[in-house]
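A short write-up of the structure that comes next.
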Amino acid sequence: MLLTIAALLISYLIGSIPTAYLFGRVLKGIDIRKVGSGNVGATNALRVLGKGPGITVLIIDILKGLIVVSFLGDYFKYKEILWQVENLRIIMGLCCICGHNWTIFLQFKGGKGIATSLGVLLGLALRINGLNIVIGILITIWFAVFFLFRIVSLASIIAAIGLPAACIFFKQSLLMITVSLVLCILVIIRHKANLLRIFQGKEPRLNFKKSPS
């Protein structure tokens, strides 16, 4: 019981590391929550801090989820835990995403969880049979929508909607399907302001040709 709680708590704390906020403070002495979109995530970091720092934030946020599910999950695999290891990995991943979205280090205000969710799904794909096909489809959907519209939020929302559908189609476990539905709902809720701007035609497109001074 205590080991299970420890696994979930550590997963949450790793997810809670506010990468974009830390990079903003260290590189430019700014609070990224007060500039750009105000979001503590890779897209805002890319716009505010530039390509290099933005891509680095993206990679670290992905690694948070990957490390929790794959490597930390492997550690607890050999311990006495309440759940089967596959189920533990899934719940650990969800805790990591919640940590990113509601980080204890920033008064429970964080990012939107897309990069960390990708890391979690990649980690699960390495350990759960058949999930790699689901992830491959989602990544393809994301890039197709992004390159068509150049809107990160739109690509993320559509890929999130495709997640539970793909999990159901490829006959993933009931827990995985349930968590995929939770993630889909979380992504939509976290992007409600983006959805409003998309419908109004005001959502900014990501332009890689421009870089902040």
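The values are calculated or read from the model by the stated rules, or taken from the named source; none is laboratory data. Keep in mind the model is a prediction, meaning the values are calculated, not measured. In this analysis, Cβ positions are derived from the backbone assuming ideal geometry, glycine residues included, and neighbour counts consider all displayed protein chains.
Some points to look at:
- Any chance Glu80 is assigned to a loop (DSSP other than H, G, I, E, B), among the acidic types (Asp, Glu), out of contact with any Phe, Trp or Tyr (no Cβ under 8 Å at 6 or more places or on another chain) and at pLDDT below 95: yes
- Scanning segment 112-121 for residues that are surrounded by 15 or more Cβ atoms within 10 Å (Cβ to Cβ), in contact with a Gly (Cβ under 9 Å, 6 or more places away or on another chain) and assigned to a loop (DSSP other than H, G, I, E, B) turns up at least one hit.
- Selection of first residues in segment 1-20 that are crowded, with 18+ Cβ neighbours inside 10 Å and of second residues that are acidic (Asp, Glu) and part of a helix (DSSP H, G or I), restricted to Cβ pairs under 6 Å at least 6 apart or on distinct chains, gives the following pairs, ordered by first then second residue: Thr19/Asp61.
- Residue in segment 131-140 that is among the hydroxyl-bearing types (Ser, Thr, Tyr) and not in a helix (DSSP H, G or I) present: no
- As a summary of the residue check, Arg127 satisfies the conditions (1) touching a Ser or Thr at 6+ places or on another chain (Cβ under 8 Å); (2) buried (at least 22 other Cβ atoms within 10 Å of the Cβ) except for the one numbered (2).
- Residue selected from segment 192-207 under the condition more than 22 Å from the chain's Cα centre (by Cα) and not in a helix (DSSP H, G or I), by the criterion surrounded by the fewest Cβ atoms within 10 Å (Cβ to Cβ): Gly201
- The residue pairs whose first member lies in segment 197-208 and is farther than 11 Å from Thr43 by Cβ and at pLDDT below 85, whose second member is assigned to a loop (DSSP other than H, G, I, E, B) and among the β-branched types (Val, Ile, Thr), and whose beta carbons are closer than 7 Å, counting only pairs six or more residues apart or on different chains, do not exist in this structure.
- Annotation: of all residues in segment 146-161 being farther than 14 Å from Glu203 by Cα and within 15 Å of the chain's Cα centre (by Cα), the one that is surrounded by the fewest Cβ atoms within 10 Å (Cβ to Cβ) is Ile161.
- Pick from segment 1-50, criterion part of a helix (DSSP H, G or I) and polar (S, T, N, Q), ranking: farthest from Ile90 (Cα to Cα): Asn44
- Residue in segment 49-64 that is surrounded by 15 or more Cβ atoms within 10 Å (Cβ to Cβ), touching a residue at least 60 places away in the same chain (Cβ under 8 Å) and over 18 Å from the mean Cα position of the chain (by Cα) present: yes
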